[in-house]
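Here's the structure, in structure tokens; my notes come after.
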Amino acid sequence: MLALRLLWRNWRSGEVKLLAIALTLAVTVVSTIALFTDRLESTLLEQSNSLLGADKLITSNQPHQAAWQSEAEEQGIDTSRVAHFASMVFAGDEMHLASIKAVGQRYPLRGYIDLSEQPFATSGPSVTRASGIPPAGEVWVDSRLLPLLHIELGDSLQIGEHSFTASKVIVSEPDGSGPFSVMGARIMMNMADLDKTRVIQPGSRVEYQWLLASDPDDLQAFVEWLEPRLTEHEEVVGIENAQRRLQGTLKTGRRFLVLAAVMGVLLAGVAIALAARQFAARHINPVALLKSLGVGARRIRLLYLAQLSCLSLLAALVGLALGYAIQELIALAVYRLYQIEMAPAQWQTYLLSVISGPVALVGFALPGLWFLPNVAPIKVLRQDLEVNTGAVLWQIAMACGVLILLVVVFGRDLMLGATVLLALAVVAVLAGLLAYGLLSLGKKAGAQAGSRWRLAVASIQRRRSASVLQVVVFATAVMLLLTLTIVRTSLIEEWQVKVPEDAPNHFLLNIAPSEVEPFQTLLDKNQLSVEQLYPMVRGRLTFINERPKPEDTLNREASLTWSDQLADDNEVVAGQWWDEWSGSESGLPGVSVEAEVAERLDISLGDELTFSIGGLEAKAEVASFRTLEWESLQPNFYFIFQPGALDDYSPMYMTSVYLPPEQKTFINTLLTNYPTIVVIELDRIINQIRTIVSQVSDGVGLVLLMVLLGGCLVLVASVNGSINERKQEAGLLRALGASRSLITGGVWTEFAILGFAAGIIAAVAAEALLIGLQVAVFEVPVQPHYIYWLLTPVVTAVFVAAIGAFSCRHAVNTPPAVVLREAA
Amino acid sequence: MATILQARDLSKTVTTAAGDLTILKDINLSVDKGESLAITGASGSGKSTLLGLLAGLDVPTSGQVLLADEDLSALDEEGRARVRAERVGFVFQSFQLLPGLTALENVMLPLELSGKAGARQQAQDYLARVGLAERLEHYPPQLSGGEQQRVAIARAFACAPEILFADEPTGNLDSATGKTISDLLFGLNAEADTTLVLITHEDRLANRCARQLQLAAGELLISASAAVQ
């Protein structure tokens, strides 16, 4: 109780306010980022999973076993069922081999089905979100089925022995590119109607999917239980192996947020440490007094610990509330913009956010306060007595330890955290040296300049070590801000480059050689263009040299192509492309293999690969390995043969094309003319990636704001440290006849000089850090940012001068009589 | 009369850049219970250092301090703190009030720390006795120097110490205010029958004590006796 009373008195006198604000900010930064990252991650995962319609699914050629269902129910796992198959559908005289998806209750477990009553609508008021699955007797269909069957919505169509009403068109659905979707237009029906159609007979080719969703730990436990029970025909499919394209985006986005979190926490930490040092400095005399009143060191430590614990807990609760509110605002904005409801954060994240308050106190504040109870009681009589404030190295080590702990717990990325910290340590030391040098230059310049300038330079020189510290702190804060801004911009640009507006959004497969020419004429007529037509045969890799291919990789037919041109996003990383390849000694044709799959299959250059193509055997020698960009959404192949190598196997052709939304109906024209051509609609995946990029960049904007706040607080905290001294100086100067404008001008000039020096250092350091990050973490090409070299010192000078002048306003505005009386 | 404070061969040496510096040398003195003692001397003669040693705020390089029969030099800092809490009160030249606390809270603080009940009432009583009943909620910067020292005196006496150490209690005050403060100090001291050890360079104040000791260059010069108030 006494501690609480003392805390209240300290609060009232303003002595703990800065510390409280700094602690609150730290928790706000941590909780905003932690909660937002958690929610974003869950949402992205859910959205990615919405491509599956579930968190995981089990594919099989048989319906799943009833015993699994009861085990799943027992373990609290949500389940649903899907059966994919191809079947002819009829309407009058028209027929079409459709890709049918029969869905069970609760489908989809993740994601949504968007429907419309207006064929070929992609957005707008006619698009509504389905609240369930197709009612019995109704089917929802792909828009392009309507012209193919010459029907309209409300008409009926026949699947097997049962007749259905086509009630709505599907605008988007999870798992849009299911195994049979390439064969034709989608029809979604109720699982309960499946038996009535009698299309599934023994021997029919059906893919059953058992959809699973739950929280990650429970689901993992269930999958671990299930896996040993699966047969070779059953496979667990998750986002990891289903959507490689999204994975890259997710990983980079997450790394960026963690990086931002490290920097945000670091700035808040610096503010806490500075506030704690000031608190400690102000409490040296009160502690000496308490000791003279007979309070022992142990009790003093307990009293302060209790006060600060209460303070950090209060700060943590306020910080969490603020953090929650801020990220909730962003979630609301995301909802308004993209109609995406963000997943809730896990309770552990809330707990960790609250704990971060006391943890930040221990790491950043306590080391600076630890000496307080050891202040000698004789200090009450001997003001000149120096106080040992403890080893600075130890304080820095503690702060780094806590920072790494926070990064590991929240960011789960030790390497990134450690890299940034190490870089920052180097930067801080170099910045210290540079600042010292720059301020010395300022002294020389000041001797020849006007009185404001002289006043400013004198003030900097008087507080030389504090000034150097301020420059280092400003420089670090600005460097972090600059790095985040540039990284953010370049990441978004990079994504935009990878997925340009006119990126191909449809893959067209199964184009017969005889169709190639009329197909291209049709494209020309519609002012559409394709970049390249790839010949393609389907084949299965069977042997690598004399040994059978490992069973766990590439258990399906792969698309094999040949080409003399290397695609733009492909790069040969080992061996030679055809123009340099000397040929095989055994006379076999060459094949270029994608590097990752080569590694998984343990393939070396010069190995002999055997493929089974339609029952025939084809051999080739590995001539090169290629890397390629899955994110580019261009047709990509694991195996590219030397031209002519597959001449004996009648190829089909594939290509990709960009269809603007208003030309979506071209697919109908195309399919009416060439019913065997298969269309894969990538536009949905592209939209998904765009949405994710937008979400991540929203999050990043928020984090930047927090970091900026942290930076401001650091400035205020560091200026606050010298405020009493400044007050006295200003009072004295004014008593001696200096005008207020001279003193104000001096303060502006002083902080502008500090800001300018900090800006120069920040620009240099940010560039160095960026080069490191670009090379080591984000793996993007290094680019200098000259505009920031010019802008940073100027903007920093103005900003720091404004904040400095604001922080010093009391020192300047207090009447000299009051200042001198207080000082007496 | 019983002895409450005794110094035996007390020396204090500090290490400076220029070598060892002896601040106090072989000080021997004793103070009886209820007695008032003034230690006088020029600036830098070691008065404050001696007061710090006698009150257990600091430890001597050699020698002993016995306060109420407890050997302070044999106790650790926690032990000395306990002795101070139980028996000692202070009045400082620079008042040593906590600027963020009101006058009332400053006086309440030691009472609260000792866990005594009725701290507020007791503090109010003492502030009334020093003439500050109307200024309970004022903060130190809002009070004049004399008023601040009155708060400090109220704080010192509120704990009913057996021995009160006063370090230049009027040193920061003009002579009229100084007189008021010294009247208050000696008045309350007589009322509570507290032992008073006072450090001053003002003869007028020293002369009000029953006994005076003069300190010069770290050594006791004269042991003056029984000055008349």
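When residues of the stretch B:50-81 are filtered for being touching a residue at least 40 places away in the same chain (Cβ under 8 Å), within 13 Å of chain A (Cβ to nearest Cβ) and within 16 Å of the chain's Cα centre (by Cα), how many remain?
7
Tell me, yes or no, whether the stretch A:330-346 has at least one residue that is in contact with a helix residue (DSSP H, G or I) (Cβ under 9 Å, 6 or more places away or on another chain), under 30 Å from B:G89 (Cβ atoms) and in contact (Cβ under 8 Å) with a residue 40 or more places away in the chain.
No: the stretch A:330-346 contains no residue that is in contact with a helix residue (DSSP H, G or I) (Cβ under 9 Å, 6 or more places away or on another chain), under 30 Å from B:G89 (Cβ atoms) and in contact (Cβ under 8 Å) with a residue 40 or more places away in the chain.
Name the residues in the stretch B:11-21 that are in a loop (DSSP other than H, G, I, E, B) and either more than 14 Å from chain A (Cβ to nearest Cβ) or buried (at least 23 other Cβ atoms within 10 Å of the Cβ) (or both), would you?
If the condition is that a residue be in a loop (DSSP other than H, G, I, E, B) and either more than 14 Å from chain A (Cβ to nearest Cβ) or buried (at least 23 other Cβ atoms within 10 Å of the Cβ) (or both), then B:A18 is the only one that fits.
Any idea which of A:I689, A:I680 is crowded, with 16+ Cβ neighbours inside 10 Å, in contact with a Ser or Thr (Cβ under 7 Å, 6 or more places away or on another chain), at pLDDT below 75 and over 30 Å from A:L332 (Cα atoms)?
The conditions single out A:I680.
Report, ordered by the first and then the second residue, all pairs with beta carbons closer than 7 Å, sequence separation of six or more or different chains, a first member in the stretch A:761-772 that is in the same structural domain as A:G432 (by TED's automatic domain parsing), and a second member that is of a type in the set (G, A, S) and assigned to a helix (DSSP H, G or I).
As it stands, the answer is A:I761/A:A431; A:I761/A:A435; A:I761/A:A475; A:A762/A:A475; A:A765/A:A431; A:A765/A:A475; A:L769/A:A423; A:G772/A:A423, since those pairs meet every condition given.
Within the stretch B:22-32, is even one residue modelled with pLDDT of 90 or more, more than 9 Å from chain A (Cβ to nearest Cβ), surrounded by 15 or more Cβ atoms within 10 Å (Cβ to Cβ) and in a loop (DSSP other than H, G, I, E, B)?
No, the stretch B:22-32 contains no residue that is modelled with pLDDT of 90 or more, more than 9 Å from chain A (Cβ to nearest Cβ), surrounded by 15 or more Cβ atoms within 10 Å (Cβ to Cβ) and in a loop (DSSP other than H, G, I, E, B).
Working carefully through the options B:L173, B:L127, find the one that is modelled with pLDDT under 90 and of a type outside the set (S, T, N, Q).
B:L173
So A:G294 fits all but one of (1) more than 14 Å from chain B (Cβ to nearest Cβ); (2) in contact with a Lys or Arg (Cβ under 7 Å, 6 or more places away or on another chain); what number is the exception?
(1)
Starting from the stretch A:370-392, take each residue that is within 10 Å of chain B (Cβ to nearest Cβ) and touching a residue at least 60 places away in the same chain (Cβ under 8 Å) and list its partners that are assigned to a loop (DSSP other than H, G, I, E, B) and among the polar types (S, T, N, Q), counting only C-beta distances under 7 angstrom and pairs at least six apart or across chains.
A:V380/B:Q96
Please determine whether any residue of the stretch B:118-130 is surrounded by 24 or more Cβ atoms within 10 Å (Cβ to Cβ), more than 9 Å from every other protein chain (Cβ to nearest Cβ), of a type outside the set (D, E) and not in a helix (DSSP H, G or I).
yes
So that you can scan it fast, the table gives a plain yes or no per residue for (1) part of a strand (DSSP E or B); (2) at pLDDT below 85; (3) within 14 Å of another protein chain (Cβ to nearest Cβ):
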| site | (1), (2), (3) |
| --- | --- |
| A:A3 | no, yes, yes |
| A:E15 | no, yes, yes |
| A:V27 | no, no, no |
| A:F36 | no, yes, no |
| A:E41 | no, yes, no |
| A:Q47 | no, yes, no |
| A:L51 | no, yes, no |
| A:S80 | yes, no, no |
| A:S87 | yes, yes, no |
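Pairs only if they're at least six apart or on different chains, beta carbon under 8 angstrom, first in the stretch A:295-324 and within 13 Å of A:V362 (Cα to Cα) and without any contact (Cβ under 8 Å) to a residue 60 or more places away in the chain, second crowded, with 21+ Cβ neighbours inside 10 Å and among the hydrophobic types (A, V, I, L, M, F, W, C); list them, first residue then second.
Close Cβ pairs satisfying both conditions: A:S309/A:L361.
Give the stretch A:653-667 a look and list any residue that's touching a Ser or Thr at 6+ places or on another chain (Cβ under 9 Å) and at pLDDT 80 or above, or say none.
Matches in the stretch A:653-667: A:M654, A:V657, A:Y658.
So, A:L790, is that one surrounded by fewer than 19 Cβ atoms within 10 Å (Cβ to Cβ), under 30 Å from A:I743 (Cα atoms) and either modelled with pLDDT of 75 or more or more than 14 Å from every other protein chain (Cβ to nearest Cβ) (or both) or not?
On the way: surrounded by fewer than 19 Cβ atoms within 10 Å (Cβ to Cβ): yes; under 30 Å from A:I743 (Cα atoms): yes; either modelled with pLDDT of 75 or more or more than 14 Å from every other protein chain (Cβ to nearest Cβ) (or both): yes.
Yes, satisfied.
Would you pick out the residues in the stretch B:155-191 that are within 14 Å of another protein chain (Cβ to nearest Cβ) and aliphatic (A, V, I, L, M)?
B:A156, B:A158, B:A160, B:I163, B:L164, B:A166, B:L173
Mind checking which strands (runs of 3 or more DSSP E) fall wholly inside the stretch A:133-252 and carry at least 1 residues that are of a type in the set (D, E) and modelled with pLDDT of 85 or more?
A:138-142
When the residues of the stretch A:387-419 are filtered to those that are assigned to a loop (DSSP other than H, G, I, E, B) and of a type in the set (V, I, T), which remaining residue is modelled with the lowest pLDDT?
Checking each candidate, the answer is A:T389.
Spot the failing condition for B:F90; the list is (1) at the interface with chain A (Cβ under 9 Å from one of its Cβ atoms); (2) at positive phi, and only one is missed.
(2)
Please report, ordered by residue number, the strands (runs of 3 or more DSSP E) entirely within the stretch A:547-657 with at least 3 residues that are touching a residue at least 60 places away in the same chain (Cβ under 8 Å) and within 29 Å of A:T59 (Cα to Cα).
Strands (runs of 3 or more DSSP E) meeting the threshold: A:558-562, A:608-613, A:652-657.
With at pLDDT 75 or above and within 30 Å of A:Q532 (Cα to Cα) as the only criterion, which of A:L670, A:L742, A:L733 stands out?
Exactly one residue qualifies, and that residue is A:L670.
For the stretch B:33-49, name all the residues that are within 24 Å of B:R87 (Cα to Cα), more than 14 Å from every other protein chain (Cβ to nearest Cβ) and out of contact with any Asp or Glu (no Cβ under 6 Å at 6 or more places or on another chain).
B:K33, B:E35, B:S36, B:L37, B:A38, B:T40
The values are calculated or read from the model by the stated rules, or taken from the named source; none is laboratory data. Fair warning: this is a prediction, and the values are worked out from it, not measured in the lab. Glycine also receives a Cβ, built like all others from the backbone with ideal geometry; neighbour counts cover every protein chain displayed.
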